[in-house]
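Peer 1: Starting off with a structure, shown below.
What follows draws every value from the coordinates through simple rules; no lab data is involved. No experiment lies behind these values; they were computed from the predicted model shown. With ideal geometry, Cβ positions are generated from the backbone for all residues, glycine too; neighbour counts draw on all protein chains shown.
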Amino acid sequence: MRGKIAILGIALVILCAAMIGNVTAEQPEESKDRLIHVSGTGKVTTTPDLAIIVLAVETENADARIAQQQNARKMDAVVNAIKGAGIPAKDLRTAGYTITPVTEKDDKLFSTAKVKFYWVTNRLEVHLDNIDRTGEVIDLAVASGANRVDRLSLTLSDEKQQEFRAEALTAAVKQARGDADAVAAAIGKTIVDVRDVNVGGSYVPMSYDSRYAAMEMAAGDALPTPIEAGEIDVTASVSITYVLA
């Protein structure tokens, strides 16, 4: 009996040792490579090739149906005028439509709000791949019945964004490698490989904010039609880990 217990004890010790050995063997070895971590940012300056205009037609009337019909006629005239100027239908889209009751309350206690009139707003977004026509299209829309310009953005088309982002990434990698070479030389080392690369980036378009155009028009001021495209920067960033020897 004692012999069986002794054999069982030896077997358990061997099994535990094997299990511990397996766990130890699966632990990854620490890297002995000498590493340097650097980052770089690239920038490409260019001019916008896309204008996005958000126009609006506002009407008001004590009768909601009349306000809606007046708005529909004016917006239809605006859309037809823009299409007639050669802007394709695919570059136009409705950006919002609202009918809002405007109310007033009398001085009586517990009185309910009375509707003074209904305010109808229809917003139209226009994309122009020829930004030189931006002022022309705004003038045409206003002359046809638009009485508000909500937003004007000058930016890049998807194709141009991709093209210039690739250039910015190339510049970012060159900057990162230049910094890494300088540091490696200063400490007497040489770059022999790349461990990993992380790509980031950001793109900031230039935009012209015209939220107050409707107020200026209501006051009798002329809407400024000259549009200066200016320049915008496409930026990209990378983080790179190099192996030193």
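Peer 1: Ranked highest first by the average count of other Cβ atoms within 10 Å around their residues, in what order do 94-103, 232-241, 59-68 fall?
Peer 2: Highest-to-lowest ranking by the protection proxy: 232-241, 59-68, 94-103.
Peer 1: Now for a separate question. Mind checking which lysines have their Cα closer than 17 Å to the Cα of K160? Skip sequence neighbours fewer than 8 apart in that chain.
Peer 2: K160 reaches K43.
Peer 1: I would also like to ask the following. Over the C-alpha atoms of region 50-155, what are the Rg and the largest Cα-to-Cα span, Dmax, in Å?
Peer 2: Considering region 50-155 through its Cα atoms, Rg and Dmax are 16.8, 59 Å.
Peer 1: Which part of region 65-91 falls in the paramagnetic zone of T100, meaning amide N under 14 Å from the point 7 Å along Cα-to-beta-carbon?
Peer 2: None, by backbone N distance to the label point.
Peer 1: Same structure, new question: Could you name the lysines in cross-link range of K105, using Cα to Cα under 25 Å and dropping any fewer than eight places away on the same chain?
Peer 2: Excluding near neighbours in sequence, the set is K114, K116.
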